[in-house]
Amino acid sequence: MNPTIQAALVRERLYLRSPRTVAAARQFTRDTLQAWGAIDVLDEMSLCVSELATNALRYGVPSGRGYLLRLFGFEDATLRVEVHDSGPGLSRIDGGPHGHGLTLVAALADDWGVLARTPGKVVWCEFRKGEGARGERPPCARSRQAV
């Protein structure tokens, strides 16, 4: 995403540390995308939100805390999901026997990554329309692991 492009639309919601919030986060995403007229990526983005929220709950949200889901619609038609948590470490694809959520996110989204913050991290993914959208570049360019 071009950093000079401003977000035209932003919605966010804070969720408590509970497995039930994953369905609520997914529905919030679906409702938001429908309101924004972005139904072409509704299923993919909803699935990515499920995976990122589940990862935040499983690995990132300490007891008594929550996670923040933030959705952006940019002027260049990029849609971005961010899940903020206050847990330690950075999310990554490690090839282990379980935890394939980020592999799925990397396969569905046009781009993804992890940003450190204090405390915790932000795991994000983006979906683009037009030039640079998925299917218009090789799959290896779509997945980016945390460094």
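The values are calculated or read from the model by the stated rules, or taken from the named source; none is laboratory data. Since we're looking at a predicted model, the values are computed, not measured. FYI the Cβ positions are ideal-geometry reconstructions off the backbone, even for glycines, and counts take in every protein chain you see. Heads up: the accessible areas ignore ligands, DNA and RNA and are worked out on the full protein's heavy atoms, side chains in. Shrake-Rupley method; radii C 1.70, N 1.55, O 1.52, S 1.80 Å.
Carbon and sulfur atoms: what percent of the 1.4 Å accessible area of segment 1-71 do they account for?
Within segment 1-71, the accessible surface is 50 percent carbon and sulfur.
With a point put 7 Å past each Cα toward its Cβ, work out how far Ala116 is from His100 in nm, to one decimal.
Calculated label separation equals 3.1 nm.
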